[in-house]
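Scroll down for the structure; my scribbles are underneath it.
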Amino acid sequence: MDVPDGMTVPQLWRTGPRLTHALVLGADRPLGTWLRAHPEADARLEVLYPPADAYKTAELAGDPRVQLHEVREVRVVPVSGGGGAPGHEVRAHLADGTTGTFAPHQLLVNAGSRPAAPEGSLHRDAHGYCPPDAQPPGLHTAGDLRSPRHQRITTAHGSGAAAALTAHYPPPSGP
């Protein structure tokens, strides 16, 4: 996926049920969650996803609000819209060997993840993660914030439980 420098594409999961028509880059799991969370949404979502993510589309295939497009490459290109308003179009090399051009009303991303630590006293590494052993006393990080290897909800539950227990049962001091 090639996006112009400085362009930020909003995350799908941050949108609400008023979404009407959007081009979604990526078929990661939050897409199915969004659709289930907003069954009343009269949305039309065109989803561009790489072949490696085809297995993630199974839960979406029957939803009439979703049109799936398997792609090999995607490029977002700035264009001048009607009346000189800035906009963009998306050019894609589809998996079937053809090319497609999309002019979305709204462009959203639903691919991969990165940590979204709250502002404050957390110490972050070069990639934005907050390793537990680098935090000030009393601050505990959980799940996705800990490291890219711990991006599972079960890990988040375990980390949260450990943080809660630590508050009640501080580790022993001294040998």
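The values are calculated or read from the model by the stated rules, or taken from the named source; none is laboratory data. All values reported here derive from a predicted model rather than from experimental measurement. Here Cβ is always computed from backbone atoms with ideal geometry, including for glycine, and neighbour counts include all displayed protein chains. Only protein heavy atoms, including side chains, enter the accessible area calculation; ligands, DNA and RNA are left aside. Shrake-Rupley method; radii C 1.70, N 1.55, O 1.52, S 1.80 Å.
Residues that are without any contact (Cβ under 8 Å) to a residue 40 or more places away in the chain: which strands (runs of 3 or more DSSP E) entirely in the range 1-88 hold 1 or more of them? Show your work before the answer.
Working: elements: 21-25, 44-49, 66-80.
Strands (runs of 3 or more DSSP E) meeting the threshold: 44-49, 66-80.
Give the residues of the range 55-66 that are open to solvent by less than 50 Å² (accessible area, probe 1.4 Å) and aromatic (Phe, Trp, Tyr), sorted by residue number.
none
Please go through the range 56-74 and pick out each residue that is within 21 Å of HIS88 (Cβ to Cβ) and out of contact with any helix residue (DSSP H, G or I) (no Cβ under 9 Å at 6 or more places or on another chain).
Matches in the range 56-74: GLN67, HIS69, GLU73, VAL74.
Can you tell me which residue is modelled with the highest pLDDT among those in the range 131-160 that are hydrophobic (A, V, I, L, M, F, W, C) and open to solvent by 50 Å² or more (accessible area, probe 1.4 Å)? Even if it seems obvious, please write down each step before you answer.
Looking only at the range 131-160, we keep the residues that are hydrophobic (A, V, I, L, M, F, W, C), and these are 134, 139, 142, 145, 153, 156.
From the residues that got through so far, the ones that are open to solvent by 50 Å² or more (accessible area, probe 1.4 Å) too are 139, 153.
Numbers: LEU139: 83, ILE153: 58.
Residue satisfying both the conditions and the ranking: LEU139.
Just one of LEU45, LEU31 is touching a Lys or Arg at 6+ places or on another chain (Cβ under 7 Å) and either under 14 Å from LEU68 (Cα atoms) or surrounded by 15 or more Cβ atoms within 10 Å (Cβ to Cβ) (or both); which is it?
When all the criteria are applied, what remains is LEU45.
What are the residue pairs meeting all of these: first residue in the range 119-146, first residue more than 19 Å from HIS157 (Cβ to Cβ) and touching a residue at least 12 places away in the same chain (Cβ under 8 Å), second residue small (Gly, Ala, Ser) and open to solvent by 50 Å² or more (accessible area, probe 1.4 Å), Cβ atoms under 7 Å, and 6 or more apart or on different chains?
Pairs found: PRO136/SER121.
Could you please find all residues in the range 3-42 being of a type in the set (Val, Ile, Thr) and closer than 17 Å to GLN106 by Cα?
VAL3, THR8, VAL9, THR15, THR20, VAL24
Okay, residues lined up against (1) open to solvent by 80 Å² or more (accessible area, probe 1.4 Å); (2) under 19 Å from the mean Cα position of the chain (by Cα); (3) not hydrophobic (A, V, I, L, M, F, W, C):
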| site | (1), (2), (3) |
| --- | --- |
| LEU35 | no, yes, no |
| ASP53 | no, yes, yes |
| VAL76 | no, yes, no |
| HIS93 | yes, no, yes |
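Yes/no per residue for (1) modelled with pLDDT under 90; (2) out of contact with any Lys or Arg (no Cβ under 7 Å at 6 or more places or on another chain); (3) among the polar types (S, T, N, Q); (4) surrounded by 15 or more Cβ atoms within 10 Å (Cβ to Cβ):
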| residue | (1), (2), (3), (4) |
| --- | --- |
| PRO4 | yes, yes, no, no |
| ALA22 | no, yes, no, yes |
| GLU89 | yes, yes, no, yes |
| ALA116 | yes, yes, no, no |
